[in-house]
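Working notes, structure below.
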Ligand SMILES: [Mn+2]
């Protein structure tokens with residue numbers, strides 16, 4: 001079968017009945033959860049038995065999921081480069097695979113794929129909303145959490161949904177989509193609970209109930225952003241900031257601080273979960289010097305040290321015991 005059209009995707013969904021057992025496998029971000037919920041509800045409404053699985057890229061493996069009892073599987077919002085080759089083991093089932101990231105890898109030919117990257121940047125939740133017609137506010141939420149509002153091809157979809165809800169984009173971001181994103185960050189070790197909470201939402205009014213989770217994340221982000229000026233250390237021209245978050249806030253803290261001045265070089269360092277390693281992330285929008293070159297110089301000669309990425313943004317890892325050597329390497333690189 002291979003690639004299918006929107007109409008054929010609809011046909012696959014229309015054929016789901018109370019005789020089916022369906023597994024929904026979705027990405028662990030806002031777009032993945034929202035689109036996963038829409039397919040989940042669709043299957044429930046058709047009377048099927050449904051279970052959902054959260055897939056964490058670089059951690060999860062399809063072979064670790066217990067999919068024996070299911071005869072149909074729906075994948076949503078998972079970049080195919082990470083997935084295609086793993087799908088051989090389930091090609092005896094009816095599999096519908098939909099995503100919006102650039103297509104990579106080779107799918108087993110039995111799998112129905114509906115990948116929308118050629119149509120522009122269309123988050124998976126927008127596609128799921130169009131296919132199912134269920135919970136339009138969740139289709140919108142997934143689209144906004146995935147930055148769909150930065151792409152003109154989503155303007156009409158976003159504006160018409162906002163109009164129906166009677167809310168502005170700014171308010172929707174502040175009161176709805178960021179609350180949901182932060183709730184997911186807070187519950188990143190408990191995906192079942194996160195799915196349950198998001199699945200219970202019947203309208204945007206219900207999102208208020210998630211504030212108690214989201215606030216914990218917001219407080220911790222604010223704390224580390226505020227401490228930056230005082231705690232940072234200059235390594236030559238780089239602003240080096242070591243911080244130890246308890247919650248999953250590395251991404252937003254890094255984003256907020258590095259967007260405050262695009263000419264500066266930033267290096268963020270935090271311990272990994274096991275405490276044995278330190279993860280690094282470097283930002284410099286001006287790209288001079290290149291952050292990936294800088295980090296590679298920083299980890300050079302360090303045991304298990306690695307770095308990769310792009311000139312404006314790079315990431316890496318070192319042993320915690322090598323932090324001073326890393327700083328020396330960075331200083332030497334920047335002073336050269
Ligand atoms: Mn995603």
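The values are calculated or read from the model by the stated rules, or taken from the named source; none is laboratory data. Keep in mind that this is a model prediction, so the values were computed, not measured. Every residue, glycine as well, gets a Cβ built from its backbone with ideal geometry; the counts of neighbours run over all protein chains shown.
Answer with yes or no whether residue 107 is within 16 Å of the ligand (Cβ to nearest atom) and buried (at least 17 other Cβ atoms within 10 Å of the Cβ). Against the criterion (within 16 Å of the ligand (Cβ to nearest atom) and buried (at least 17 other Cβ atoms within 10 Å of the Cβ)), residue 107 does not qualify. Enumerate the pairs (first residue in the range 11-34 and in the same structural domain as residue 194 (by TED's automatic domain parsing) and within 13 Å of residue 145 (Cα to Cα); second residue anywhere and part of a strand (DSSP E or B) and within 16 Å of the ligand (Cβ to nearest atom)) with beta-carbon separation below 6 Å, excluding pairs fewer than 6 apart on the same chain, so at least 6 apart or on different chains. Within 6 Å, the pairs are 28/54; 32/26. Of the set (1) surrounded by fewer than 18 Cβ atoms within 10 Å (Cβ to Cβ); (2) out of contact with any strand residue (DSSP E or B) (no Cβ under 6 Å at 6 or more places or on another chain), all apply to residue 69 but (2). Does residue 74 count as within 17 Å of residue 4 (Cα to Cα) and surrounded by 15 or more Cβ atoms within 10 Å (Cβ to Cβ)? So residue 74 fits the description; yes.
In the set (1) surrounded by fewer than 18 Cβ atoms within 10 Å (Cβ to Cβ); (2) closer than 19 Å to residue 117 by Cβ, residue 4 fails one condition alone, (1).
Remark: residue 265 matches the filter, which requires a residue to be in the same structural domain as residue 327 (by TED's automatic domain parsing) and in contact with a strand residue (DSSP E or B) (Cβ under 8 Å, 6 or more places away or on another chain).
Inside the range 107-121, residues that are assigned to a loop (DSSP other than H, G, I, E, B) and touching a helix residue (DSSP H, G or I) at 6+ places or on another chain (Cβ under 7 Å) make up a count of 6.
For residue 66, which of the numbered conditions (1) in contact (Cβ under 8 Å) with a residue 12 or more places away in the chain; (2) closer than 24 Å to residue 187 by Cα fails to hold? Exception for residue 66: condition (1).
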